[in-house]
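Before any comments, here is the structure.
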Amino acid sequence: MGGRSRTALFLVMLMTFAGFVSLAADADGSKNKETCSSDSTEDCGCKQSRDKDSKKKDADEVKEADDKPKSEFYEPREGDTPYKRTNQMVYVPGGTFTMGTDKPIFVADGEGPARQVKVDPYYMDKYEVSNAEFELFVNQTGYKTEAESFGNSFVMENYLSEEVKSEITQMVASAPWWLPVDGADWRHPEGKDSNIKDRMDHPVLHVSWNDAVAYCKWAGKRLPTEAEFEFACRGGRENRLFPWGNSVNPKGQHWMNIWQGEFPKENTGEDGYTMTAPVTEFPEQNKFGLKNIIGNVWEWTQDWWEIQHTPTFKDNPKGPLSGDDKVKKGGSFQCTIQYCYRYRCEARSQNTPDSSAHNLGFRCAASELPSYLKGSEKDEL
Ligand SMILES: [Ca+2]
Ligand SMILES: [Ca+2]
């Protein structure tokens, strides 16, 4: 627990989430989406800072990791399997688009109003960052994630073994299916009795915003701004819910990994996955060739969280200068239309930059293509 006692964490959580108890009643999905100001499905109990006293220590640890020598590019290794090199970058031409919506589902999330936003051309990872890629980063830098420093991370109850569940004594009142699990980290997504051996091509989980920033920097990239993420998500289509249009299942097929069945009791896995899917799974979601920009795992963006937006034109917005939470986009395998209907391009949510969870990952962007990705010989990267 990194010097913290579980009792202390429980007290922090109890105080932090006492005000959200009333939202727990909405777990049956009965809340009216049109009037819903927020819901707790994706809050995962990690929305607030885990432990303010630990923040400085962790910031120091991140800095320490940052100072270690690191490769500027991926070094192919003997025996690498193809999925170790999943992430290409796609060119996103930039332009002016309609960001947000005048028909928000979650008003309090700041989905509106619609505003004209310009973004310059940039590059975006085609896939979410995989466990295999994150392992390369960790192997080369010795980086330690914040979940590892804290000693725990948040996992939905449905995915835990009975043994792990039996050891947990606290829960988040607003979202009782989210549990703080000791030993949960990117290598142990469902706690200490789990591993990623058969999931190296799945998105890395339990990475904080700080972890994501460190990874992208190592890769010669950066996190996308929220505007860049949304522009990439929309793929040049205006006023559509999804990257490809308004139909949830075009041509009767699944184009994203979300939750089917009555949340949180039933998860039918109709789309092929009850948890994460490989980052290469499902069709390219729009003309930019991006995969899982919607669904699979939530993705961190660069911006601080702000819900007050104006309808005036914005030129390459980068969000507020400061804040408490960072914006995440795209929804996850735990999203359903009954609850947390946030697998839409304009949808957004937030977490503190030191928080991590079982459904939250990232992908990187870059203003210029990193040199190691240039040239046809690197096409298989
Ligand atoms: Ca699914
Ligand atoms: Ca995603």
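Of all residues in region 340-353, those satisfying the criterion of being under 14 Å from the mean Cα position of the chain (by Cα) and open to solvent by 10 Å² or more (accessible area, probe 1.4 Å) are Q350, P353.
Within region 128-143, the set of residues being open to solvent by less than 10 Å² (accessible area, probe 1.4 Å) and of a type in the set (D, E) comprises E128, E133.
Restricting region 260-305 to residues that are more than 20 Å from L205 (Cα to Cα) and among the aromatic types (F, W, Y), the residue that is nearest to ligand 2 (Cβ to nearest atom) is F288. Counting only residues that are within 16 Å of ligand 1 (Cβ to nearest atom) and either among the acidic types (D, E) or open to solvent by 10 Å² or more (accessible area, probe 1.4 Å) (or both), region 238-251 holds 2 of them.
Checked against the criterion of being without any contact (Cβ under 8 Å) to a residue 24 or more places away in the chain and over 19 Å from the mean Cα position of the chain (by Cα), the candidates K192, K165 yield just one match: K165. Only one entry in D211, D193 is buried (at least 24 other Cβ atoms within 10 Å of the Cβ) and either modelled with pLDDT of 95 or more or not polar (S, T, N, Q) (or both), namely D211. When restricted to residues that are farther than 18 Å from P243 by Cα and open to solvent by less than 10 Å² (accessible area, probe 1.4 Å), region 87-108 contains 2. Filtering region 196-208 to residues that are in contact with a helix residue (DSSP H, G or I) (Cβ under 6 Å, 6 or more places away or on another chain), open to solvent by less than 10 Å² (accessible area, probe 1.4 Å) and within 30 Å of K374 (Cα to Cα) leaves V204, S208. Within region 286-339, the set of residues being farther than 20 Å from R234 by Cβ, under 14 Å from the mean Cα position of the chain (by Cα) and within 16 Å of ligand 1 (Cβ to nearest atom) comprises F333, Q334. Filtering region 297-323 to residues that are open to solvent by 10 Å² or more (accessible area, probe 1.4 Å) and either closer than 30 Å to K265 by Cα or in contact with a Phe, Trp or Tyr (Cβ under 7 Å, 6 or more places away or on another chain) (or both) leaves G319, P320, S322, G323. Restricting attention to region 345-358, does a residue exist that is of a type outside the set (G, A, S), modelled with pLDDT of 95 or more and within 11 Å of ligand 2 (Cβ to nearest atom)? Looking through region 345-358, none of the residues is of a type outside the set (G, A, S), modelled with pLDDT of 95 or more and within 11 Å of ligand 2 (Cβ to nearest atom). Within region 325-339, residues that are at pLDDT below 95 sit with their Cβ atoms under 9 Å from residues that are not in a loop (DSSP other than H, G, I, E, B), at 6+ positions apart or across chains, in these pairs: Q338/D28; Y339/D26; Y339/A27; Y339/D28. Evaluating G235 against the criteria (1) open to solvent by less than 10 Å² (accessible area, probe 1.4 Å); (2) over 18 Å from S153 (Cβ atoms); (3) under 17 Å from the mean Cα position of the chain (by Cα); (4) within 16 Å of ligand 2 (Cβ to nearest atom) leaves one unmet condition, (3). Going through region 308-344 one residue at a time, which ones are at negative phi and within 15 Å of ligand 2 (Cβ to nearest atom)? Correct list: V327, K328, K329, S332, F333, Q334, C335, R342, Y343, R344. Are any of the residues in region 267-282 open to solvent by 10 Å² or more (accessible area, probe 1.4 Å), away from ligand 1 (no atom under 11 Å from the Cβ), more than 21 Å from T336 (Cβ to Cβ) and free of Cβ contacts under 8 Å to residues at least 60 places away in the same chain? No, region 267-282 has no match at all. Among the residues of region 320-378, those that are closer than 26 Å to P189 by Cα and aliphatic (A, V, I, L, M) comprise V327, I337, A347, A357, L360, A365. Any chance you could count how many residues in region 162-179 are polar (S, T, N, Q), open to solvent by 20 Å² or more (accessible area, probe 1.4 Å) and within 21 Å of L360 (Cβ to Cβ)? Looking only at that region, the number is 0. E146 falls short on exactly one of the conditions (1) open to solvent by 10 Å² or more (accessible area, probe 1.4 Å); (2) more than 16 Å from ligand 2 (Cβ to nearest atom); (3) under 24 Å from K221 (Cα atoms), and that condition is (1). S208 fulfils the conditions (1) more than 18 Å from K328 (Cα to Cα); (2) in contact (Cβ under 8 Å) with a residue 60 or more places away in the chain except for a single criterion, (1).
The values are calculated or read from the model by the stated rules, or taken from the named source; none is laboratory data. Everything quoted here is computed from the prediction, not taken from an experiment. For neighbour counting, all protein chains shown are included, and Cβ atoms are generated from backbone atoms with ideal geometry for every residue, glycine included. Keep in mind that these areas ignore ligands, DNA and RNA; they rest on the heavy atoms of the full protein, side chains included. Shrake-Rupley method; radii C 1.70, N 1.55, O 1.52, S 1.80 Å.
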